[in-house]
Amino acid sequence: MKRLGFTIFETLLTLLLLQVVLAVLGGLLWEYSRISQDSEQSDLALGAQSTLLQICAEVRESIQIDPAPPELKLVRLDPAKNSLSVKAGDRLPYPAPDPDPLASWNVQQAIDLINVRYYIDQDQLMRQVSDATTTVQIPVSQGITGLSASWLANGNLQVDLSVRIETQIFTFRSEVFRGLP
Amino acid sequence: MLIATLLISTILLILGLAYLGRRANQVKFALAEQESTRALELALAGLETVRVKLDKDPQFPPLEPLGRKIYSYSEFIYDLDEVSLIGRYEVTLDGQYLVPPYRILRVKVVGELADEVARRVILAEFDMSPTLRHDAATENPRYFDMVNFQDMGSL
């Protein structure tokens with residue numbers, strides 16, 4: 001005769017196995033939540049480091065640097081007018097010019113320069129670019145709590161960028177050699 | 001029981017894949033940043049050779065003898081064992097703007113890691129005017145100086 005249902009032993013064994021699986025699942029969920037939190041922290045740290053590299057690159061390209069914590073002001077050539085291969089609309093004439101010894105020209109003409117300002121607004125690092133007619137601001141990095149730049153005795157510029165990760169503040173520091181006179 | 005097992009397996013699979021994907025992106029980003037920085041250093045090394053050659057060699061760049069406006073060269077960089085290739089830099093000197101009143105030498109340097117895993121381009125300009133542009137009687141204090149520098153990123 002065919003037996004219906006489960007024996008008490010089968011039921012207990014099933015419940016035990018289910019308990020084991022749920023315990024493993026719970027452990028994994030907890031671990032995932034912890035790692036996910038770590039990943040967010042790593043993202044913030046990576047973002048801050050990447051931003052610091054970008055700022056240093058821009059400092060290297062600048063012809064005037066004004067470190068005024070918590071801001072950093074730069075004057076540089078407008079990259080939009082300084083293409084890799086000179087084209088129409090660039091600061092240099094296109095096509096290549098004929099010699100004109102009587103004409104006047106400046107290597108860094110005011111009309112070809114832009115002002116760049118890095119500042120912090122509500123835990124966001126902002127980059128403001130302005131030329132003679134327009135001003136544009138864009139957020140560069142999140143979670144930034146401090147920006148500081150100062151001249152060192154060797155003539156290099158030290159740039160510090162602080163980022164808040166949970167309750168701690170981490171500061172990344174870089175030193176920029178100024179190649180341009 | 002079968003349904004519960006399948007459900008739990010699916011949840012575990014999704015969690016595992018999401019976690020792996022996230023970590024993979026972080027590792028990729030960090031590696032790309034590292035390789036990009038190495039390529040930039042190669043490009044800067046190329047620029048330094050230009051600066052030193054301009055400083056030491058009065059015949060450099062050999063544009064006029066060749067009747068050209070553009071002069072280009074490339075050098076491979078090896079590790080200390082002189083066998084393992086690190087990468088190369090390619091320097092292009094553009095003499096089209098050496099004429100007055102501009103008198104600048106534009107230099108493009110491409111730094112490239114071995115196997116082309118990363119490439120960075122920089123653009124620099126050297127002031128080649130021996131006198132001030134608006135005053136031919138006064139010496140230019142920035143003669144042969146690098147007056148403009150631009151990191152063109154990964155082009």
If amide H atoms are modeled at 1.01 Å from N in the peptide plane, then the residues at a separation of 5 or more from residue B:118, or on another chain, having amide H under 5 Å from its own are B:113
For the range A:12-129, what's the relative contact order in percent, using C-alpha pairs closer than 8 Å and at least 6 residues apart?
-> 18 percent
Which value, in debye to the nearest 20, gives the size of the charge dipole of the range B:68-138 about its Cα centre, when Lys and Arg are +1 and Asp and Glu are -1 at the Cβ?
-> 580 debye
Hey, how much of the P(r) for the range A:92-134 falls beyond 15 Å, as a percent of Cα pairs?
-> 64 percent
In the P(r) worked out for the range B:1-101, what percent of Cα pairs fall beyond 22 Å?
-> 60 percent
Quarter of the surface of the C-alpha convex hull for chain A, i.e. direction-averaged projected area in nm², equals 21.4 nm²
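Of the trypsin sites (Lys or Arg not before Pro) in the range B:47-155, which ones lie in a loop per DSSP and count no more than 16 other C-beta atoms within 10 Å? Mind showing how you got there, number by number?
On the way: sites: B:51, B:53, B:56, B:68, B:69, B:88, B:103, B:106, B:108, B:119, B:120, B:133, B:142; in loops: B:68, B:69, B:103, B:133, B:142.
Within the range B:47-155, the qualifying trypsin sites (Lys or Arg not before Pro) (loop, at most 16 other Cβ atoms within 10 Å) are B:68, B:69, B:142.
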Residue-ordered couplings for the range B:83-90, obtained by feeding phi - 60° into the Karplus form 6.51 cos²θ - 1.76 cosθ + 1.60 and rounding to whole Hz (Gly and Pro as x), are 10, 6, 7, 8, x, 8, 10, 10
For the protein assembly as shown, convex hull volume per residue from C-alpha positions, Å³ = 252 Å³
With 10 Å bins from 0: P(r) over the range A:35-90, alpha-carbon pairs, percent = 19, 31, 27, 17, 5, 0
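Given only helices, namely DSSP H runs of n ≥ 4 each adding -39500 (n - 2.57), what is the per-residue ellipticity at 222 nm of chain B, to the nearest 500 deg cm²/dmol?
Details: 1 runs with 55 residues, N = 155.
Result for chain B: -13500 deg cm²/dmol, rounded to the nearest 500.
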Scoring only Lys, Arg, Asp and Glu (+1, +1, -1, -1) among other residues with Cβ under 10 Å from the Cβ of residue B:98 yields +1
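In square nanometres and to one decimal, what's the mean projected area of the convex hull around the Cα atoms of the range B:47-126?
Averaged projected area of the range B:47-126's Cα convex hull equals 6.2 nm².
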Ordered by residue, what ³J(HN,Hα) values in Hz, to whole numbers, does the range A:116-123 give under the Karplus form 6.51 cos²θ - 1.76 cosθ + 1.60, where θ = phi - 60° and Gly and Pro are x?
-> 10, 10, 9, 8, 10, 9, 6, 6
Long-range amide H partners of residue B:148 with built H, under 5 Å = B:125
Taking θ as phi - 60°, what are the ³J(HN,Hα) couplings along the range B:53-65 by the Karplus curve (6.51, -1.76, 1.60), each to the nearest whole Hz, with x for Gly and Pro?
-> 5, 4, 6, 9, 10, x, 8, 9, x, x, 7, 5, x
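Other chains near B:94-103: what is the mean number of their Cβ atoms within 10 Å of each residue's Cβ?
Values: counts 5, 1, 7, 6, 2, 6, 8, 9, 9, 3.
Per residue, the number of nearby Cβ atoms from other chains is 6 on average.
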Selected from B:40, B:105, B:31 as most flexible by GNM, with chain B as the system and alpha-carbon contacts under 10 Å | B:31
Computed from every Cα-Cα pair in the range A:55-146, P(r) in 5 Å bins starting at 0 and rounded to whole percents is 3, 12, 19, 21, 16, 11, 8, 5, 3, 2, 1
Given backbone amide H placed at 1.01 Å from N, residues whose amide H is under 5 Å from that of residue A:165, ignoring those fewer than 5 places away on the same chain, are A:170
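Once you charge only the Cβ atoms, +1 for Lys and Arg and -1 for Asp and Glu, what is the size of the charge dipole of the protein assembly as shown about its Cα centre, to the nearest 20 debye?
Details: 31 positive and 42 negative charges, 176 e Å.
That gives a dipole near 840 debye.
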With no solvent and one point on each alpha carbon, what is the Debye value of log10 I(q)/I(0) for the range A:113-153 at q = 0.14, 0.31 Å⁻¹?
-> -0.38, -0.99
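Only the coordinates and a few stated rules stand behind these numbers; no lab work does. Treat the numbers as computed from the prediction; the structure is a model and nothing was measured. Cβ coordinates were reconstructed from backbone atoms using ideal geometry, including for glycine residues, and neighbour counts include every protein chain displayed.
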